[in-house]
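Rule-based calculations on the coordinates, nothing more; no lab input. As the structure is a prediction and not an experimental result, all values here were calculated from the model. Here Cβ is always computed from backbone atoms with ideal geometry, including for glycine, and neighbour counts include all displayed protein chains.
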Amino acid sequence: MADRSSLQFWLGRFTLGVIILAAAGLRVVPRIVPLKDPLGLATMALGFVGFYIALTAIGPITRLFSYRDRTRKEWGDAARQAWQRASLPRRIYYLLFAVAQSDGPISQGERDLVRTFLLPRFPVSDHEIRAWERQPLMVDDRVGLAARIAVSLDEPELDTLFCWCAMVTFIDGKFRPDEHAALHDVAKGLGIPQPRARMLFHLARAQFLSGQRHGRGEREDARPANARVDALAVLGLPAQATASQIRRRHRELVRKFHPDAQPNLGDAAQREATERFRAIQRAYELLTKKP
C-alpha cells in the first residue's frame, strides 16, 4: 500500500494529475481511442479528473513542506521507534493522552474517560488500550505529535481530530488555561489556522453539550439564555454580526464542512462530521428564526 505520509506519494499524485490534465488539453484521448464524442465530454471529464487529483495533492504537499518547522523538537531513538511501530489509533491515543494530562498528572478517572472515548471510535479492544497505557510514549511534544499524525490525514479528518482533542478537555467538566494552551499546540501541529480552530472548538463544545443533554434526557430545544451568542460562536462570528454576515458565513461553512468521507478515522468520524454539520445548521436556523 502507498505511504500517504510520504512527500513522494503526494508529489507523484500531483504529477499524475498534471499529466492527465495536460493530456486532456492536448486531446490525446480521441487520438488513441476512437470515440464518437463530438461535444468533447470525454475530454472534459478526463480534464476534471486530472484537475481533482492535482488539487487534492496540494494540501498534503503544503503540510509536508511545513512539517519540519512543526517537528523541530528532537525525539529520542526509543520514542521514534515506538512511533514508527504504532498504528494510527495508537498514535491518536498518544495525542489525546497528552492533551488530557496538560492540566496535570492524569487521574484514573480521566484514563477511564479517554478509554471510553476511544472504544466506540476505533476497532480496538479495552485490552489493547490498557496495554498502550502501560507503554506510554515518553515525549513532551504536543505540536510534534499532532504534526506527525497530520501528514497522513485529509483536511476534514484534521478537523475531526482537533474536535476530539477539544472534547477530551471537556470530559472532566472543567476547561483550564493549560488545556487552552494544549489545544493551541494541537492546532499548530495539525496546521489548522487559529480562526478555524476557534470555530471547531465551539462546534466540539456544541456536540459535547448536545450529548450531555441527551444523556440527561433533556429536550433538544432546551436552550440557554445566551443561545444567540453560542450560535454565533459556532459559526465563528462576533456577537455584533449582521444578518448579511450570518448568511455569508453559513454559505461558506456549508461548502467547507459538508460531511465528507473520512477513510482513515472510520465510521464514527463520519457520523461526528455529520453532527458538526447539523450544529452549523441549527445555529443558522436559530439566528435567522423570525420572532
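Rounded to the nearest 20 debye, what is the charge dipole size of region 94-167 about its Cα centre when +1 sits on each Lys and Arg Cβ and -1 on each Asp and Glu Cβ?
Values: 7 positive and 12 negative charges, 50 e Å.
Computed charge dipole of region 94-167: roughly 240 debye.
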Name the residue farthest towards the positive end of the dipole of the chain from the options T116, I246, A98, assuming +1 on Cβ of Lys and Arg, -1 on Cβ of Asp and Glu, about the Cα centre. I246
Picking from A150, A131, A100, which is most flexible by a Gaussian network model of the chain using Cα springs under 10 Å? A131
Helix-only estimate, please: 222 nm mean residue ellipticity of the chain, summing -39500 (n - 2.57) across DSSP H runs of length 4 or more and dividing by its residues, to the nearest 500. -22000 deg cm²/dmol
Aspartates and glutamates near K256 by alpha-carbon distance under 16 Å, same-chain residues fewer than 8 away left out - which ones? D154, E155, E157, D159, E272, E275
Span-rule helices in the chain, defined as complete DSSP H runs reaching 24 Å or more along the axis (Cα) with Kyte mean at least -1.0: 7-25, 41-65, 194-215, 266-288
Report the residue, chosen from G12, G266, G189, that carries the largest GNM mean-square fluctuation when the chain is represented by alpha-carbon nodes joined by springs under 10 Å. G12
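Kindly provide the trypsin sites (Lys or Arg not before Pro) of region 113-188 that DSSP labels as loop, not H, G, I, E or B, and whose Cβ sees at most 10 other Cβ atoms within 10 Å.
Passing both the DSSP loop test and the Cβ count: K174.
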Tell me which of T160, G76, F14 sits at the most positive position along the dipole axis of the chain, charges placed on C-beta atoms (Lys, Arg +1; Asp, Glu -1). F14
Checked against the structure, the computed percent of Cα pairs over 29 Å apart among (1) 44; (2) 36; (3) 29 is the one labelled (1)
Give me the dipole magnitude in Debye, nearest 20, for region 77-288 about the Cα centre, with unit charges on the beta carbon: positive for Lys and Arg, negative for Asp and Glu. 560
